[in-house]
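The values are calculated or read from the model by the stated rules, or taken from the named source; none is laboratory data. Just so it is clear, the structure is predicted and the values come from calculations on it, not from any experiment. So basically every Cβ, Gly included, is an ideal-geometry build from the backbone, and we count neighbours across all protein chains shown.
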Amino acid sequence: MATITWEHNQGSVGTPNWVDIGANTVVFSGSATDLSATISTTDWNDGTHIGSGDPGTDQCGGGPNDSHNNNVKFVDANNMSLNGAASENIIDANLSEAECTFRIHLTNGSAVATQNSFLYTFDGSVTTNEAVGIECYVFERGVSATAWTQVNDDSGNIGGNNSGERLDLGEKSSATDHDWYIAASARGESAGGKTSFDFGFETEIF
C-alpha cells in the first residue's frame, strides 16, 4: 500500500534533510523568524514556518533559512522572492529542490507509476470548497514551469479540488519512491487569522 508524507527540509540547501511534517501545520506569517507575525492584506508571506497548531509554537527545527523553513514569496505571476532576497524569475534554475516550501513524498513496496496527480487547497472540511478569506499561489519545481498557479482566491471563488482551480502535477514513471517539490505563497484577503486552510493531494497509481 502506498504511503504519502508531507515533508519540509530541516537541513541545508547543499545537504537537505526532508522530515515528515506530521501533525504539525504549515504556517504563513509576516516574519522570517516569528510564526505569529501577521501578514498585511496588501502583502504576501515573509515567513513560512512549521507550527504545532494554528500557529502554535515553532517546529521548524532547522532549515536553510536561518534555522527556519524556506520562504518562497509571491511577487507577481512570474517572479518570487526566496528567503527575503531580491525578486527573480520563478524557474527551476533559480529554485532548487531543497529551497522549496515542502515536498510530497510517495513510497510503495513495489514500483508504481502515477497519473491524474493534483495539488489543491480547501477549507479543511469539503475538498471541493475554497479556503475562506485566502489567496494562494503554488509552483511545482522540476517540470520546467515558468509561472505561479493560483489555487485559492476566495473573492474570485477559486479553490478546492476542482478542474481549473488546482495545480496539475507532473506524472511519475514506474518506481518505488516519488517526490513532488512545491513552492507555496499565501495571504489573507481580510484581517484576522485564517485557520480553515488546508492543502490536499490526489494521485492515481498503477
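Can you name the residue in segment 83-112 that is part of a loop (DSSP other than H, G, I, E, B) and of a type in the set (Gly, Ala, Ser) and, of all such residues, is surrounded by the fewest Cβ atoms within 10 Å (Cβ to Cβ)?
Looking at residues that are part of a loop (DSSP other than H, G, I, E, B) and of a type in the set (Gly, Ala, Ser), I get Ala86.
So Ser40 ticks every box in (1) surrounded by fewer than 15 Cβ atoms within 10 Å (Cβ to Cβ); (2) part of a loop (DSSP other than H, G, I, E, B); (3) modelled with pLDDT of 95 or more but one. Which box is left unticked?
(3)
Filter segment 54-82 for residues that are acidic (Asp, Glu) and assigned to a strand (DSSP E or B); which is surrounded by the fewest Cβ atoms within 10 Å (Cβ to Cβ)?
Taking the candidates together, the pick is Asp76.
The rows are residues; the columns are (1) of a type in the set (A, V, I, L, M, F, W, C); (2) more than 15 Å from Asp179 (Cβ to Cβ); (3) free of Cβ contacts under 8 Å to residues at least 60 places away in the same chain.
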| residue | (1), (2), (3) |
| --- | --- |
| Asn65 | no, yes, yes |
| Val75 | yes, yes, yes |
| Gln115 | no, yes, no |
| Phe118 | yes, yes, no |
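Filter segment 132-186 down to residues that are of a type in the set (Lys, Arg) and under 20 Å from Asn69 (Cβ atoms), then give me how many there are.
Summing the residues that are of a type in the set (Lys, Arg) and under 20 Å from Asn69 (Cβ atoms) in segment 132-186 gives 1.
For segment 119-206, give me every one of the strands (runs of 3 or more DSSP E) that falls completely inside it and has 2 or more residues that are buried (at least 22 other Cβ atoms within 10 Å of the Cβ).
The strands (runs of 3 or more DSSP E) meeting that bar are 134-141, 149-153, 175-188.
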